[in-house]
Amino acid sequence: MRGAHESRSRTLGRLLTTMKPDEKKALDVLGKLLVEEVFDQSCRYLQVVICRGMRGQKPDPLHEAYASLDDESATVLRRFLLEAVDQTFAQFLHFLDMHEFPLPVEVESGRIVDLKGVSDGLDAEPYNEGGWIERYSQFKDGITPEPR
């Protein structure tokens with residue numbers, strides 16, 4: 001999804017210049033929460049599975065299969081896992097954009113603002129230069145074999 005958002009990012013850059021500071025701040029708070037609690041939590045779960053497994057005292061077949069991979073295969077798998085999380089995250093934001101789910105937030109001035117109306121597209125916000133993932137994600141460089 002990252003590449004698909006490049007043209008929208010130019011439009012978003014123009015929009016940000018007209019966005020009021022309290023609206024930008026509210027949109028950034030939403031982005032930080034979504035990245036930390038959805039994107040990063042998904043990456044962290046997968047990282048734990050590949051590093052330690054998730055079955056408690058029982059052997060974890062996913063962890064055992066990952067541990068049996070050579071370095072190159074393990075790297076490819078981690079890239080694939082990040083792409084799967086990334087695509088799911090982008091599709092969730094696109095879903096919010098395409099359906100009638102308002103995101104009303106009271107901004108510092110006391111006004112109620114629909115963040116969907118402030119953004120030129122929630123699904124582009126994480127992927128712009130200086131976007132949500134770049135600013136807020138612990139996994140912007142990928143899922144590593146060691147927990148962060």
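The values are calculated or read from the model by the stated rules, or taken from the named source; none is laboratory data. Remember, it's a predicted structure, so these values are computed and weren't measured experimentally. Here the Cβ is made from the backbone with ideal geometry for all residues, glycine too, and neighbour counts use every protein chain on show.
Every condition in (1) within 18 Å of T144 (Cα to Cα); (2) at pLDDT 90 or above; (3) loosely packed, with under 13 Cβ neighbours inside 10 Å is met by D40 except one, and the failing one is (3).
If you go through segment 35-67 and keep only what is in a helix (DSSP H, G or I), of a type in the set (D, E, K, R) and over 14 Å from L77 (Cβ atoms), you end up with E36, E37, D40, R44, R52. Residue count for segment 118-141, restricted to those that are surrounded by fewer than 13 Cβ atoms within 10 Å (Cβ to Cβ) and in contact with a helix residue (DSSP H, G or I) (Cβ under 8 Å, 6 or more places away or on another chain): 1. One residue stands out in segment 23-37 among those that are among the aliphatic types (A, V, I, L, M) and exposed (fewer than 14 other Cβ atoms within 10 Å of the Cβ): the one that is nearest to E106 (Cα to Cα), namely V29.
Taking the criterion of being charged (D, E, K, R), in contact with a strand residue (DSSP E or B) (Cβ under 7 Å, 6 or more places away or on another chain) and surrounded by 11 or more Cβ atoms within 10 Å (Cβ to Cβ), would at least one residue in segment 86-106 satisfy it? Taking every residue of segment 86-106 in turn, at least one turns out to be charged (D, E, K, R), in contact with a strand residue (DSSP E or B) (Cβ under 7 Å, 6 or more places away or on another chain) and surrounded by 11 or more Cβ atoms within 10 Å (Cβ to Cβ).
State whether the residues of segment 69-82 include one that is in contact with a Ser or Thr (Cβ under 7 Å, 6 or more places away or on another chain), in a helix (DSSP H, G or I) and under 16 Å from S137 (Cα atoms). So far as segment 69-82 goes, no, none of its residues is in contact with a Ser or Thr (Cβ under 7 Å, 6 or more places away or on another chain), in a helix (DSSP H, G or I) and under 16 Å from S137 (Cα atoms).
Quick check on S9: is it in contact with a Ser or Thr (Cβ under 8 Å, 6 or more places away or on another chain) and either surrounded by 14 or more Cβ atoms within 10 Å (Cβ to Cβ) or modelled with pLDDT of 95 or more (or both)? When the stated conditions are applied, S9 does not pass them.
Screening F95 on (1) without any contact (Cβ under 8 Å) to a residue 12 or more places away in the chain; (2) more than 30 Å from D22 (Cα to Cα) shows it passes everything except condition (2).
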